[in-house]
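Participant: Handing you a structure now.
The values are calculated or read from the model by the stated rules, or taken from the named source; none is laboratory data. All of these numbers come straight from a predicted model, not from anything done at the bench. Cβ coordinates were reconstructed from backbone atoms using ideal geometry, including for glycine residues, and neighbour counts include every protein chain displayed.
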Amino acid sequence: MDIDRIKKIIEANFVQVKNLSGTSEEKPPIPYASWLDYWENYKGRKAKKCSALNCENDANVGAHVINTDSIDFNIYIVPLCYEHNNKSEESLFVVKKKDLVCIN
Ligand SMILES: [Zn+2]
């Protein structure tokens with residue numbers, strides 16, 4: 001497979017995001033115990049792995065992120081490991097597009 005084709009597949013399936021800081025106090029709607037619980041109920045499946053590209057860690061939290069590929073002013077919940085959830089607002093990373101759940 002050539003590089004252009006690989007790029008196209010990544011663009012179609014992944015999206016660049018960054019963490020939204022100051023969201024640790026944001027509580028999920030009742031009756032959800034956590035944002036990961038909220039995400040799992042919305043999706044109807046368990047969050048197993050971190051959604052970040054090439055990350056093999058387990059999903060630990062439902063993280064608040066924003067899409068930096070297109071500024072759509074939406075906030076999304078995505079399952080991330082602690083390592084990716086702790087990345088600063090300046091660091092951009094790539095997650096699976098189908099894992100984004102919009103909350104606004
Ligand atoms: Zn990760």
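Participant: Going residue by residue through the stretch 29-50, is there one that turns out to be part of a loop (DSSP other than H, G, I, E, B) and touching a Ser or Thr at 6+ places or on another chain (Cβ under 8 Å)?
Facilitator: no
Participant: Take the stretch 34-65 and flag every residue that is modelled with pLDDT under 95 and hydrophobic (A, V, I, L, M, F, W, C).
Facilitator: Leu53
Participant: Hey, any hits in the stretch 89-98 for a residue that's of a type outside the set (Val, Ile, Thr) and in contact with a Cys (Cβ under 9 Å, 6 or more places away or on another chain)? Spell out how you get there, then give the answer.
Facilitator: Just the residues of the stretch 89-98 that are of a type outside the set (Val, Ile, Thr), to begin with: 89-93, 96-98.
Among the residues that remain, those that are also in contact with a Cys (Cβ under 9 Å, 6 or more places away or on another chain) are: 93.
Checked against the condition, which is being of a type outside the set (Val, Ile, Thr) and in contact with a Cys (Cβ under 9 Å, 6 or more places away or on another chain), the stretch 89-98 yields at least one hit.
Participant: Looking at Ser34, Ser51, Ser70, Ser21, can you tell me which residue is small (Gly, Ala, Ser) and either buried (at least 19 other Cβ atoms within 10 Å of the Cβ) or under 11 Å from the mean Cα position of the chain (by Cα) (or both)? If you could, list the steps in order and put the result at the bottom.
Facilitator: Details: Ser34 fails: either buried (at least 19 other Cβ atoms within 10 Å of the Cβ) or under 11 Å from the mean Cα position of the chain (by Cα) (or both); Ser70 fails: either buried (at least 19 other Cβ atoms within 10 Å of the Cβ) or under 11 Å from the mean Cα position of the chain (by Cα) (or both); Ser21 fails: either buried (at least 19 other Cβ atoms within 10 Å of the Cβ) or under 11 Å from the mean Cα position of the chain (by Cα) (or both).
Result: Ser51 is the single residue among Ser34, Ser51, Ser70, Ser21 that is small (Gly, Ala, Ser) and either buried (at least 19 other Cβ atoms within 10 Å of the Cβ) or under 11 Å from the mean Cα position of the chain (by Cα) (or both).
Participant: Read through the list (1) closer than 14 Å to Ile75 by Cβ; (2) within 16 Å of the ligand (Cβ to nearest atom), then give the number of the only condition that Glu26 fails.
Facilitator: (2)
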